[in-house]
1. Of a type in the set (Gly, Ala, Ser), crowded, with 16+ Cβ neighbours inside 10 Å and touching a residue at least 60 places away in the same chain (Cβ under 8 Å), is that true of ALA253?
2. Would you check if ARG185 is in a helix (DSSP H, G or I), over 19 Å from LEU306 (Cβ atoms) and in contact (Cβ under 8 Å) with a residue 12 or more places away in the chain?
3. Can you pull out the residues in region 51-63 that are surrounded by fewer than 18 Cβ atoms within 10 Å (Cβ to Cβ) and over 13 Å from ASP296 (Cβ atoms)?
4. Report, ordered by the first and then the second residue, all pairs with beta carbons closer than 8 Å, sequence separation of six or more or different chains, a first member in region 84-111 that is closer than 17 Å to GLY131 by Cβ, and a second member that is outside any helix (DSSP H, G or I) and of a type in the set (Val, Ile, Thr).
5. State all residues of region 256-279 that are assigned to a helix (DSSP H, G or I) and loosely packed, with under 15 Cβ neighbours inside 10 Å; if no residue qualifies, say none.
6. Looking only at region 188-216, which residues are of a type in the set (D, E, K, R) and either surrounded by 21 or more Cβ atoms within 10 Å (Cβ to Cβ) or free of Cβ contacts under 8 Å to residues at least 24 places away in the same chain (or both)?
7. For region 68-80, which positions are surrounded by fewer than 21 Cβ atoms within 10 Å (Cβ to Cβ) and touching a residue at least 12 places away in the same chain (Cβ under 8 Å)?
8. Would you be able to say whether some residue in region 42-51 is touching a helix residue (DSSP H, G or I) at 6+ places or on another chain (Cβ under 7 Å), among the acidic types (Asp, Glu) and over 21 Å from LEU154 (Cβ atoms)?
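The values are calculated or read from the model by the stated rules, or taken from the named source; none is laboratory data. In this text the structure is predicted, and so the values were computed from the model without any measurement. Virtual Cβ from ideal backbone geometry, glycine too; neighbours counted across all protein chains shown.
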Amino acid sequence: MSEVTASRQATARPDGPAVPVWETWRPPDTRRLLQLALGALWLLDAILQYQDVMFTRSFSQSLAATAAGNPAVLARPIDWNAGLVGQHVVVLNAVFATVQLALGLGIAWRPTIRIALGASVGWALAVWWLGEGFGGVLTGTASPVTDAPGPVILYALLAVLLWPRDRAGPAPFTAARAVGAPAARALWLILWASLAYFALLPANRAPLALRDMITGMTAGEPSWLAAIMHGAARLLAQHGLAASVVLAVLLAAIAVGCYLPRPAAQATLILAILVAVAIWVIGQALGGILTGMSTDPGSGPLLALLALAYWPARAGQDADLAGQAAELARGH
């Protein structure tokens with residue numbers, strides 16, 4: 001039963017007087033809270049896209065830069081898109097920002113959530129190619145520290161996992177409700193194992209690789225954040241290989257965590273959130289949102305939100321919404 005269906009059944013009283021809204025309202029369940037968080041991130045993207053600098057050629061130049069290193073057949077559409085945006089940057093950027101605003105509001109409003117989530121998948125895939133150059137995963141330089149596999153593809157993944165539909169039987173965690181536990185676990189494994197692989201790429205395990213990545217993100221950041229990042233960069237100087245191996249081991253442990261018993265799975269999910277926060281602060285400078293030059297908050301918040309979607313459910317938690325709706329429909 002979907003959340004929208006359950007809500008409609010809960011308020012339907014064909015055999016008696018209408019039930020006031022405040023008597024039928026129930027607190028949102030975990031999936032709905034996660035959907036609202038996803039919608040809030042889309043709204044943040046829209047706000048960042050409405051920044052003044054995005055209405056200048058700097059935006060089109062940043063799009064063109066994502067073509068570097070990609071196969072020519074995939075890079076040409078990126079260059080074409082960047083050129084088009086450069087010619088009509090004010091109009092097209094306003095369209096891009098408004099689309100993201102509509103996606104966030106659509107996810108927040110129950111009657112349009114399916115349309116908004118479906119549209120967000122298509123929009124995310126287009127932006128992943130034409131706006132992020134596939135997150136650099138085809139260039140040999142992708143790094144989990146610097147947004148790989150691309151923040152926007154995580155929006156699409158979350159939209160699929162948080163789809164308002166329930167498969168038969170109880171789900172062990174929220175992300176399994178729509179697609180089933182085997183598929184959800186496989187998606188988790190693929191994502192985090194790929195991050196572990198990226199951490200071990202030659203470009204990322206060079207002695208000064210991580211240091212250079214971190215210091216390269218400090219431009220324009222507030223002094224307090226730049227100080228944190230410079231301190232981390234000094235600790236990692238000349239230890240690129242060791243740091244990459246440690247990071248890869250942590251990411252690999254997170255990847256298999258969803259297949260472990262409940263206590264171990266919870267521990268790996270906590271680890272996933274901590275790693276996501278560390279990457280977001282130290283490697284991504286909070287996604288650059290404090291510089292006025294960023295179009296998204298980075299992959300850190302999305303990875304943390306994803307981890308929450310895999311948190312083991314309490315016994316009977318998945319049946320709560322359906323049970324409450326059925327009780328209200330019977331008039332109890």
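1. Working: of a type in the set (Gly, Ala, Ser): yes; crowded, with 16+ Cβ neighbours inside 10 Å: yes; touching a residue at least 60 places away in the same chain (Cβ under 8 Å): no.
Considered against the rule, which asks whether it is of a type in the set (Gly, Ala, Ser), crowded, with 16+ Cβ neighbours inside 10 Å and touching a residue at least 60 places away in the same chain (Cβ under 8 Å), ALA253 comes out as no.
2. Details: in a helix (DSSP H, G or I): yes; over 19 Å from LEU306 (Cβ atoms): no; in contact (Cβ under 8 Å) with a residue 12 or more places away in the chain: yes.
No.
3. ASP52, VAL53, PHE55, THR56, ARG57, SER58, GLN61
4. Sorted first by the residue in region 84-111, then by its partner, the pairs are VAL89/THR56.
5. Listed by number, the residues that qualify are ARG262, PRO263, ALA264, ALA267, ILE270, LEU274, VAL277.
6. Of everything in region 188-216, those that are of a type in the set (D, E, K, R) and either surrounded by 21 or more Cβ atoms within 10 Å (Cβ to Cβ) or free of Cβ contacts under 8 Å to residues at least 24 places away in the same chain (or both) turn out to be ARG211, ASP212.
7. Residues of region 68-80 that are surrounded by fewer than 21 Cβ atoms within 10 Å (Cβ to Cβ), as a first pass: 68-77, 79-80.
If the condition is that a residue be surrounded by fewer than 21 Cβ atoms within 10 Å (Cβ to Cβ) and touching a residue at least 12 places away in the same chain (Cβ under 8 Å), then ALA68, GLY69, ASN70, PRO71, LEU74, ALA75, PRO77, ASP79 are the ones that fit.
8. no
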